[in-house]
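J.: To start, I am sharing the structure in question, which I have written as structure tokens.
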Amino acid sequence: MALMKVKFDLKKRVKLAQMLWLMYWFSIMAGVLVFSMGLFFKIELRKRSELMDNNESHFVPNILIGVGLLACCLNACGGKICYDSLDSTKFVKWKSILNPFLICCLFFNFLLIVTAVMCFAMRIPLEFTLAEGLKNGMKYYKDTDTPGRCYMKRTLDLMQMEFRCCGNNNYKDWFEIQWVSNRYLDFSSKEVKDRISSNVDGKYLMDGVPFSCCNPSSPRPCIQQQITNNSAHYSYEHHTEELNIWKRGCRDALVSYYGGMMNTIGILVLIVTLLQIAVMIGLQYVNTSLSTLVNPEDPESESEGWILEKTVKETFTDIMAKMKAMGKGNQVDEGANEEAVATVS
């Protein structure tokens, strides 16, 4: 017994084909949107690629770009099929490839679901790659004269100002690295000598942060040097006072930004998936209703359409039986080849 069988006359078939043709155009626009979102996300990642520990983060936007292009191609083909189905003489040329096309659509829907899951799950690997990338980027902040790293200071400063963040986890991360270049240090100064000699690695560490960590909304002039020294500033207590630098770490800020973007794209991909499933089911009805015309020479005759020719259980049983038959066939072929080889020997 066929699954979800529906009776069609000419009027119903025409309305279904016209509605599907319109839905396919919406699907093409959705494919363009997925492609655009993937391209936009890739550009956003490229902007801060220096702060990424690897290039694996570009895998998802590349998949989105590919899925968007594939959606446009498949839906354009599906729209053409629906348009030609209005004329039974034109539809004849599509009969032989329609079943393979529907199978391709089924696999494409599975690919869309996998892509949506990857979008939602990307937050976890992104957090790890940003943690290591920001850590390394902060180490290179002072290397403004080193080729390949001369723009790191500018990149980090712009990022901290744009995302209102400071450091990797928080502003204290700047206390653990030397972010001032040696060329700007007075080595004849006792303070500089003491700080360098007190560090095992001979680095100039201080309880200060770059200017880009300052919060411009704070009423107090920015305290970016000697942040933990209460006596260095008038009426100041760093443990209790609301600091006028950003307290949020840049890793958290960037993960929230990219994570929110990927969640939005993931929801979009799921909506596209539902739309693709709807048009695939509609195209199956068009296919079966035209294939079961009572009188193929009379387009006005009645017909029946269905999603599956048998029930889900029967269809699954048939598929498993065919797979087992193919497996046995391969074993027989292998056995015959071995016997042939033995006979020749």
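J.: Of all residues in the range 150-169, which are in a loop (DSSP other than H, G, I, E, B), open to solvent by 30 Å² or more (accessible area, probe 1.4 Å) and in contact with a Lys or Arg (Cβ under 9 Å, 6 or more places away or on another chain)?
T.: If the condition is that a residue be in a loop (DSSP other than H, G, I, E, B), open to solvent by 30 Å² or more (accessible area, probe 1.4 Å) and in contact with a Lys or Arg (Cβ under 9 Å, 6 or more places away or on another chain), then R164, N169 are the ones that fit.
J.: Let me ask something else. Hey, does the range 188-198 have a residue that's of a type outside the set (D, E) and within 21 Å of T144 (Cα to Cα)?
T.: Yes, some residue in the range 188-198 is of a type outside the set (D, E) and within 21 Å of T144 (Cα to Cα).
J.: Can you pull out every residue in the range 129-155 that is under 17 Å from R46 (Cβ atoms) and out of contact with any helix residue (DSSP H, G or I) (no Cβ under 6 Å at 6 or more places or on another chain)?
T.: Initial filter on the range 129-155 (under 17 Å from R46 (Cβ atoms)): 129-130, 133-134, 137, 148, 151-152, 154-155.
Passing the criteria: G148, Y151, R154.
J.: Right, here's the next one. Looking at the range 1-58 only, could you name the residues that are closer than 28 Å to R251 by Cβ, of a type outside the set (D, E, K, R), at pLDDT below 85 and open to solvent by 50 Å² or more (accessible area, probe 1.4 Å)?
T.: N54, N55
J.: Looking only at the range 198-211, decide whether some residue is in a helix (DSSP H, G or I) and at negative phi.
T.: Checked the range 198-211: at least one residue is in a helix (DSSP H, G or I) and at negative phi.
J.: Related question: Consider K172 carefully, then state whether it is open to solvent by 30 Å² or more (accessible area, probe 1.4 Å) and in contact (Cβ under 8 Å) with a residue 12 or more places away in the chain. Break it down stepwise before answering.
T.: Working: open to solvent by 30 Å² or more (accessible area, probe 1.4 Å): yes; in contact (Cβ under 8 Å) with a residue 12 or more places away in the chain: no.
No, not satisfied.
J.: Hey, G79 hits all of (1) at pLDDT 90 or above; (2) in a helix (DSSP H, G or I); (3) touching a helix residue (DSSP H, G or I) at 6+ places or on another chain (Cβ under 6 Å); (4) open to solvent by less than 20 Å² (accessible area, probe 1.4 Å) but one; which does it fall short on?
T.: (1)
J.: Has the range 117-127 got at least one residue that is touching a Lys or Arg at 6+ places or on another chain (Cβ under 8 Å), under 30 Å from P210 (Cα atoms) and either open to solvent by 90 Å² or more (accessible area, probe 1.4 Å) or touching a residue at least 24 places away in the same chain (Cβ under 8 Å) (or both)? So that I can check it myself, show each step before the final result.
T.: Within the range 117-127, the first condition is being touching a Lys or Arg at 6+ places or on another chain (Cβ under 8 Å), and the residues that meet it are 127.
Adding the requirement that they be under 30 Å from P210 (Cα atoms) leaves 127.
Next cut, either open to solvent by 90 Å² or more (accessible area, probe 1.4 Å) or touching a residue at least 24 places away in the same chain (Cβ under 8 Å) (or both) only: 127.
Scanning the range 117-127, I find at least one residue that is touching a Lys or Arg at 6+ places or on another chain (Cβ under 8 Å), under 30 Å from P210 (Cα atoms) and either open to solvent by 90 Å² or more (accessible area, probe 1.4 Å) or touching a residue at least 24 places away in the same chain (Cβ under 8 Å) (or both), so the answer is yes.
J.: Now for a different question. Give T240, T292, T264 a once-over and let me know the one that is surrounded by fewer than 14 Cβ atoms within 10 Å (Cβ to Cβ) and modelled with pLDDT under 90. Give the derivation first.
T.: On the way: T292 fails: surrounded by fewer than 14 Cβ atoms within 10 Å (Cβ to Cβ); T264 fails: modelled with pLDDT under 90.
Matching residue, one of T240, T292, T264: T240.
J.: Taking the condition of being among the aliphatic types (A, V, I, L, M), in contact (Cβ under 8 Å) with a residue 24 or more places away in the chain and part of a helix (DSSP H, G or I), how many residues in the range 85-116 meet it?
T.: Qualifying residue count for the region: 7.
J.: Restricting attention to the range 190-211, does a residue exist that is of a type in the set (V, I, T) and crowded, with 20+ Cβ neighbours inside 10 Å?
T.: Taking the range 190-211 as the starting set, the residues that turn out to be of a type in the set (V, I, T) are 192, 196, 200, 209.
Those still in the list that are crowded, with 20+ Cβ neighbours inside 10 Å too: 209.
Checked against the condition, which is being of a type in the set (V, I, T) and crowded, with 20+ Cβ neighbours inside 10 Å, the range 190-211 yields at least one hit.
The values are calculated or read from the model by the stated rules, or taken from the named source; none is laboratory data. Predicted model only: the values in this text are computed from it and were never measured. Reconstructed Cβ throughout: ideal geometry from the backbone, glycine too, with neighbour counts over all protein chains shown. What goes into the accessible areas is simple: the full protein's heavy atoms, side chains included, and nothing from ligands, DNA or RNA. Shrake-Rupley method; radii C 1.70, N 1.55, O 1.52, S 1.80 Å.
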